[in-house]
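Each remark here refers to the structure printed beneath this line.
The values are calculated or read from the model by the stated rules, or taken from the named source; none is laboratory data. Remember, it's a predicted structure, so these values are computed and weren't measured experimentally. Here the Cβ positions follow ideal geometry from the backbone for every residue, glycine too, while neighbour counts run over all protein chains shown.
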DNA sequence: CTTTTCATGTAATCTGTTACATGATTGC
DNA sequence: GCAATCATGTAACAGATTACATGAAAAG
């Protein structure tokens, strides 16, 4: 007996299944959640959800709301849960980072140090906002779970994965921020030298 | 007088122009270089280089080699240099990271802690190899420039940008590594608790 | 003798972004 | 009055991956 090949189901699709392990949800909400750790937009997600239904990995229920549009609330099927577990055990693809600032950095010497400085200053502002948002999210989680030390969240809590990812983001953004600030200091140094 | 709109030239294209500021180069070499800080493959790059020629941003010369295939050596044109400077001054897009491990982490509670452990152990191995490669590259740069403190590289050196990017990668990978190791410890803790 | 490296290209397919499309409600 | 939020969808286009295609030399 061999498994039926699940066709056209990509990494993003597994990400959606992953979100649905916490609780049933609908497209609009899944979009806002997945965006926190995987770039995606509604033009991808609505068709993908339909495909997941076709493949029998999720099922949905039409839910009517008062003063709001109807929504389709999706849940994992048994087949969806099985597909998810198979995927987790498979080798994980290497991470892919696309950062335009890195490409600009490569030829940064072609600009004035002052231009370089404003380029990096803008990115630093971006990261600082990100960091604030993450701290808010962390605090929200603490309130919701009514614990102060989030590392006490049990392995099988529905919030365990989300907590790990908040920490990942904090670590990553902190390192990016440090790099930007270090580079900025270098630019300042070169600016000062030029003015001698 | 307004500038002619440069059409169909994307971020990867600017990345190629960026590489060409250091020295003229050919497709095969540009692929290996750009891969260090932007995911791309030859199926994209050869057609893009042709497009850049059509747009007059680069020009090429066919170069014959003994015992090796011919190659097309591309150089920046004046128009290419101008396009590059325009691009640097424009607002920079936010970085986009796609990491399958993050999606898996979100539903990690659905696996055994032992599975989680091997998932993260594999990624730790990957990052450690990455770090070694980076250290090699750093040492190579030190030898080539015959200096021990790379932060002394002048702003207008052709190696300045590359040096900044090596440091960025070191910072990033170190933070990823620390996160993985922290998560691994959490898994170990949970494993130990289960065995009580 | 087979795989890797060098070197370039195209074609098919898949993934991702932006625009088009609808429509009610809430806040400014 | 106008933009944003909620909610779903499709279509057109752009970007990325993989496979197909060639061919010589070097390394194992």
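Per-structure values
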| read-out | value |
| --- | --- |
| Filtered residues of the stretch A:139-153 (kept if under 30 Å from residue A:181 (Cα atoms) and crowded, with 16+ Cβ neighbours inside 10 Å) | A:141, A:150 |
| Residue count, the stretch B:23-36 (criterion: over 16 Å from the mean Cα position of the chain (by Cα) and within 14 Å of chain A (Cβ to nearest Cβ)) | 2 |
| When residues of the stretch A:78-122 are limited to those that are over 21 Å from residue B:122 (Cβ atoms) and part of a loop (DSSP other than H, G, I, E, B), the one modelled with the lowest pLDDT | A:112 |
| Sole residue being exposed (fewer than 15 other Cβ atoms within 10 Å of the Cβ), in contact (Cβ under 8 Å) with a residue 60 or more places away in the chain and in contact with a helix residue (DSSP H, G or I) (Cβ under 8 Å, 6 or more places away or on another chain), chosen from A:83, A:93, A:89 | A:93 |
| Identity of the residue in the stretch B:154-164, at the interface with chain A (Cβ under 9 Å from one of its Cβ atoms) and surrounded by 18 or more Cβ atoms within 10 Å (Cβ to Cβ), that ends up farthest from residue A:105 (Cα to Cα) | B:155 |
| The one condition in (1) touching a helix residue (DSSP H, G or I) at 6+ places or on another chain (Cβ under 9 Å); (2) at pLDDT below 95; (3) over 30 Å from residue B:112 (Cα atoms) that residue A:70 fails to fulfil | (1) |
| The stretch A:37-59 - residue that is free of Cβ contacts under 8 Å to residues at least 24 places away in the same chain and more than 8 Å from DNA strand D (Cβ to nearest atom) and, of those, nearest to the other protein chains (Cβ to nearest Cβ) | A:39 |
| Number of positions in the stretch A:174-188 that are surrounded by fewer than 19 Cβ atoms within 10 Å (Cβ to Cβ) and either under 30 Å from residue B:116 (Cβ atoms) or at the interface with chain B (Cβ under 9 Å from one of its Cβ atoms) (or both) | 4 |
| Set B:18, B:32: member being in contact (Cβ under 8 Å) with a residue 12 or more places away in the chain and more than 13 Å from DNA strand D (Cβ to nearest atom) | B:18 |
| All positions within the stretch B:111-152 that are closer than 30 Å to residue A:191 by Cα and at the interface with chain A (Cβ under 9 Å from one of its Cβ atoms) | B:151 |
| Entirely in the stretch B:1-65, the helices (runs of 4 or more DSSP H) that have 2 or more residues that are more than 20 Å from residue B:137 (Cα to Cα) | B:11-20, B:42-54 |
| Search result, residues across the stretch B:169-196 that are part of a helix (DSSP H, G or I) and without any contact (Cβ under 8 Å) to a residue 40 or more places away in the chain | B:170, B:171, B:172, B:175, B:178, B:179, B:182, B:185, B:186, B:189, B:192, B:193 |
| Condition met for residue A:34 (away from DNA strand C (no atom under 16 Å from the Cβ) and under 25 Å from residue A:170 (Cα atoms)) | no |
